[in-house]
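To start, the structure under review is shown below, and the notes come after it.
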């Protein structure tokens, strides 16, 4: 038996209704009941949204690390910052994460949201995600250099011999900025998608 199962059933209008079950569904539901009481269903959705967000973050951060270490370094051969490369890297990583997040949220977090078409929900999901991306990209563009400097200062306090190249310093700063940006944007994404994209669920 596979870890993930996809079930299909017919909805009114003859459209196919798909949902995914995972090995952690029972754990999430029992945790939601314990925490949420009467609001257990909403808590369950938030927890699942969080899990999907973690998966999206892994895809996001993984793409950033791969791209920065291969074809889109954050500094050039003269050790000058390349903000365009940082922005392009973030954009590619964002698109990959959004695709994953939409599929998982539609099939797992909100399988009961089917009064709107997948195309409409994808459009709304992308709009919400783009607003989040703008917030995140502005934040990362402004903060990755100072956070890289700060990380060098912190690490140097533990090891006085620590002196990373500017390239590595900016890579660390980008990942730290991404981490904080993703947390803020996750709350925006959950609220906006819950009350707009998936507003047809009880």
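Mind giving me the FRET efficiency for residue 22 and residue 130? R0 is 30 Å, r the Cβ-Cβ distance, nearest 0.05 is fine.
Details: r = 28 Å, r/R0 = 0.93.
Rounded to the nearest 0.05, the efficiency is 0.60.
What is the Cα coordinate range of the range 5-197 on the first, second and third principal axes, sorted by size from largest, in whole angstrom?
63, 35, 27
How much length is gained on full extension from residue 79 to residue 100, taking 0.36 nm per residue of separation minus their Cα-Cα distance? Mind showing how you got there, number by number?
On the way: separation 21, 0.36 × 21 = 7.56 nm, distance 3.41 nm.
Here the answer is 4.2 nm.
To test your reading of the geometry: what angle, between 0 and 90 degrees and rounded to tens, separates the Cα axis of helix 40-68 from the longest principal axis of the chain?
Approximately 30 degrees, to the nearest ten.
Taking a label point 7 Å from the Cα of residue 41 along the Cα→Cβ vector, which residues of the range 78-118 have an amide N closer than 16 Å to it?
Residues 108-116 qualify, since their backbone N sits under 16 Å from the label point.
Within 10 Å, count the other beta carbons around each residue, average over each peptide in 21-27, 61-67, and list them highest first. Spell out each step's value before the answer.
Numbers: 21-27: 12.7, 61-67: 17.1.
Result, highest mean Cβ count within 10 Å first: 61-67, 21-27.
Test of understanding: express the Cα radius of gyration of the range 91-198 as a ratio to 2.2 N^0.38 Å, with N the residue count.
It is 1.37.
By how many degrees, 0 to 90 and rounded to 10, does the Cα axis of helix 25-36 deviate from the longest principal axis of the chain?
90
Hey, fewest Cβ within 10 Å first, where do 188, 104 land in order?
188, 104
Principal axes first, then extents: for the Cα atoms of the range 25-128, list largest minus smallest coordinate on each axis, whole Å, largest first.
Principal-axis extents of the range 25-128 (Cα, largest first): 59, 31, 16 Å.
So what is the calculated 222 nm ellipticity per residue for the chain, using -39500 (n - 2.57) for each DSSP H run with n of 4 or more, over all residues, to the nearest 500 deg cm²/dmol? The partial results should precede the final answer.
Working: 5 runs with 131 residues, N = 202.
Helix-only estimate at 222 nm: -23000 deg cm²/dmol.
Laboratory data are not the source of any read-out in this text; all were calculated from the coordinates shown. From a predicted model like this one, the values you see are computed outputs, not experimental measurements. Neighbour counts run over all protein chains shown; Cβ positions are idealised from the backbone, glycine included.
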